[in-house]
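Engineer: Here you go, one structure.
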Amino acid sequence: MKRTILAAIAALALAGSASAQATLTKSATLPLADGTVSAGEYQYQDTVRGMKVYATLGTDDTLYMAVQASTAGWVGIGVGGLVMNGSRLFMASILDGKPSFIEKAGVGHFYADAKSLVTKKWAVKTADGTTTLELSIPSSSAVWKGQVNATFAYAKSANLSSKHGPYASMTFAVK
Ligand code: HEM
């Protein structure tokens, strides 16, 4: 009985945190930002809260990230924190038929204009009810004390000021 309760508490704790651990080492296989993720394109891949998340730390000192979710709404990636506040947020969707992308500074549970923009390349695509954002940024803008803290989220709406549903946080150790 005690064990069942402990297992239930552990399961609840895991479900609540939605965080995972991952490791990135420099890779010379660089992803291509075209809105389509192919098998083996990224060195790291996982599924969190219904989102497929991808990352590669390039030998070109660039961090490549992607997120994919079953939605025709926006998908987003945040770096520099495990919560929205203080993170650099990237959001993208196909809005009125056009690829739309913003890079913002997370403030509380919304965002403001970032002081400077770090995005190198981005691409967003919606196909078969799945939206994918691929992004590259200088690794120096995301790696801090040997790790990258990141967040991911997606929304039902493609409007980039509408709130998300599921979200997740994750730490990548950089080796
Ligand atoms: C229009 C933009 C956004 C709005 C209005 C918004 C709103 C919110 C709100 C109200 C919460 C509190 C928890 C809840 O009510 O479910 C929250 C939490 C969260 N959001 Fe967002 N969000 C936005 C964009 C983003 C983006 C782009 C990301 C990451 C890519 C993100 C990641 C998170 C995470 C990780 C949490 C939990 C930690 C925290 O409280 O910051 N959000 N968001």
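Coordinate-derived values only; no laboratory data. Note that the structure is predicted; figures quoted are calculated from it, not measured. Don't worry about glycine lacking a Cβ; one is built from the backbone with ideal geometry, like all the others, and counts go over all protein chains shown.
Engineer: For VAL143, what is the net charge nearby, where nearby means another residue's Cβ is under 13 Å from its Cβ and Lys, Arg count +1, Asp, Glu -1?
Structural biologist: Within the 13 Å Cβ shell, the charges total +3.
Engineer: Count the lysine pairs in the chain whose Cα atoms sit under 19 Å apart, keeping only pairs 8 or more residues apart in sequence or on different chains.
Structural biologist: Pairs that pass both the separation and distance tests number 15.
Engineer: Of the beta bridges DSSP finds with both residues in region 20-174, what % are antiparallel, to the nearest 5?
Structural biologist: 90
Engineer: Give me the distance in nm between label points sitting 7 Å out from Cα along the Cα-to-Cβ direction at ASP61 and ALA28, one decimal.
Structural biologist: 1.9
Engineer: Grab the Cα-Cα distance for SER162 and SER100, subtract it from 0.36 nm times how many residues apart they are, and report the gain in nm with one decimal.
Structural biologist: Roughly 20.9 nm would be gained on extension.
Engineer: So which residue, out of ALA142, ALA92, ALA114, gets the largest mean-square fluctuation from a GNM of the chain using Cα contacts under 10 Å as springs?
Structural biologist: Result for the chain, Cα springs under 10 Å: ALA114 fluctuates most.
Engineer: Counting only residues 5 or more places away or on other chains, whose amide H sits under 5 Å from the amide H of GLN147 once H atoms are built in the peptide plane?
Structural biologist: Amide H neighbours of GLN147, under 5 Å, 5+ apart: VAL174.
Engineer: What's the whole-number percent of alpha carbon pairs in the chain lying beyond 21 angstrom?
Structural biologist: That fraction is 46 percent.
Engineer: Next up: Which net charge results when you count Lys and Arg as +1 and Asp and Glu as -1 among the other residues whose beta-carbon is under 10 Å from that of VAL174?
Structural biologist: +3
Engineer: Let me ask something additional. Read phi for every residue in region 135-152 and hand back ³J(HN,Hα) as whole Hz from Karplus 6.51 cos²θ - 1.76 cosθ + 1.60, θ = phi - 60°, with x for Gly and Pro.
Structural biologist: Couplings: 8, 9, 9, x, 4, 4, 7, 10, 7, 9, 6, x, 8, 10, 8, 9, 10, 9 Hz.
Engineer: Around GLU103, what is the net charge, scoring Lys/Arg as +1 and Asp/Glu as -1 over all other residues with Cβ under 13 Å from its Cβ?
Structural biologist: +4
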